[in-house]
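See below for the structure under consideration.
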């Protein structure tokens, strides 16, 4: 049953102008306040056509609409809006029947069927600590991967490792000089970072060392065995540490092809750009001038010494991904400091003889910074706080909170709660906002936190287990759930699919995170003010089914965000 469809038909039959039902349907809103009805039609949209004040149009339409059905209980004209009140038992019937079709799969859709989406995220730099920015891209990217997959898209996760460039030549040069001083069998990233810091300082003091590093990079590009062997060693050691973090976050990737993978594919980019006459020379470098596109800074394609730059590798990656994956959308989850870079390469990509489908499908999903209290997380001068330590600290705090509780598998629960707290805290605010991460607040079981939503989900499980409940919609009398608290919760649950679509359309996981808080709060109030299991069989069955709906909706919301739910808390 489509209430908007019913309302749009009523409005269409009451007006004498050429306007489509789809247009009317698109205008229909869901009011924020319950006393303004269940649906509202803003007559401001018709003011120019009728050349009347919206309130007069609303009054006129109300007088012409005859509600001779059992679905709409009343219509009100208020301040230029036509407010429609749906019979509450019909709201319950629609929501419960809609849910019952999918049950455990509630919220899954096929709107992306036949389409392919690539999501590039995490992308840490080899031989450098996994810093807070990489934690954020990993969490956001994984949520987007889950959301698109849930909507029926064939979704492919890409970890575009930072494994190429002059920094590796510096690291190789540093290792040549001081490698014997370091045992890389433990804490390899910390030790490689120390070597990198030392060689950087030496390059600043002695420019001839910097020139040696540049020559070493040319050797690396040309396949020098010593350089390649060291590079592979650094990569292997780095992935070993990164994978520990991915295991904690339950994140997996379909591809780890990093910048180096595209090193032999860059010349084609240069050749195509030269053929299309868009390359110009600037101070010995080859660049693409983008001033006519509103971008003042040219995109460097090749340095004056003939070396490549990461823009060239990103362009080579676009070519490769278009040919290999035939993508409909390629999403880059990268910090806002790279806004200019992506504007540049997306424009230059239009000159690579690619089908417009691919260049239109390129999307940069940017995000703000995570800042820890008192600046504890600093990447300046090699002063790093490991993300792995941060995650382990979250687990430790969760372990302390549940220490006195009668729970089996406490270590597993501590991991689910601690890691879930970090993920949820990262996702509950708009991704573009800078946020201060307070671990004590994030792991709190009260307030708008991951542990709170997990706890309310576990409570629904507990209620159902206590009742020994087997869900059966045939046992539910819809009229029993027409009270205010039940209706509020039911309306929220019924809107789950639209929440997911909005989150996907805006590439904004916070929409689902905030929604899960709203559902958890609504159930908490419903639970505290209603006796779920009582002597009234009809009331018990109805409230248990609504509890079951809440459980599935919360579980699936958290699953989309990459958060597990414990059995007990």
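Every number here is computed from the coordinates shown, using simple stated rules; none is lab data. Only a predicted model underlies this, so the values are computations on that prediction, with no experimental measurement involved. Glycine gets a Cβ as well: all are built from the backbone with ideal geometry, and neighbour counts include every protein chain shown.
Quick look at the numbers
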| read-out | value |
| --- | --- |
| Extension gain (nm, one decimal) between residue 180 and residue 340, 0.36 nm per residue minus Cα-Cα | 53.5 nm |
| Exposure proxy ranking, count of Cβ atoms within 10 Å, fewest first, for 105, 163 | 105, 163 |
| Using alpha-carbon coordinates, inclination of helix 537-561 to the longest axis of the chain, degrees | 20 degrees |
| Alpha-carbon centroids, segment 498-560 and segment 393-419: separation in whole Å | 24 Å |
| Stretchable slack from residue 477 to residue 400, in nm (0.36 nm times residue separation minus alpha-carbon distance) | 23.3 nm |
| Theoretical FRET efficiency, 1/(1+(r/R0)^6), r = Cβ-Cβ of residue 502 and residue 440, R0 45 Å, to 0.05 | 0.90 |
| Segment 3-86 - Rg over Rh from alpha carbon coordinates, Kirkwood radius | 0.92 |
| Relative contact order %, segment 298-348, counting alpha carbon pairs below 8 Å whose residues are six or more apart | 41 percent |
| Linear extension gain, residue 207 paired with residue 1, 0.36 nm per residue minus alpha-carbon span | 66.8 nm |
| Estimated FRET transfer efficiency when R0 is 45 angstrom, pair residue 356-residue 228 (beta carbons, to 0.05) | 0.75 |
| Mean shadow area of the chain over all directions, Cα convex hull, nm² | 32.4 nm² |
| Segment 343-486: C-alpha pair distances exceeding 28 Å, % | 49 percent |
| Rounded to 10°, Cα long-axis angle of helix 188-205 versus longest principal axis of the chain | 60 degrees |
| Antiparallel bridges, percent of DSSP beta bridges restricted to the chain (to nearest 5) | 55 percent |
| Principal-axis tilt of helix 450-467 within the chain, Cα atoms, nearest 10 degrees | 50 degrees |
| Inter-part distance where segment 119-182 and segment 14-37 are each reduced to a Cα centre, Å | 48 Å |
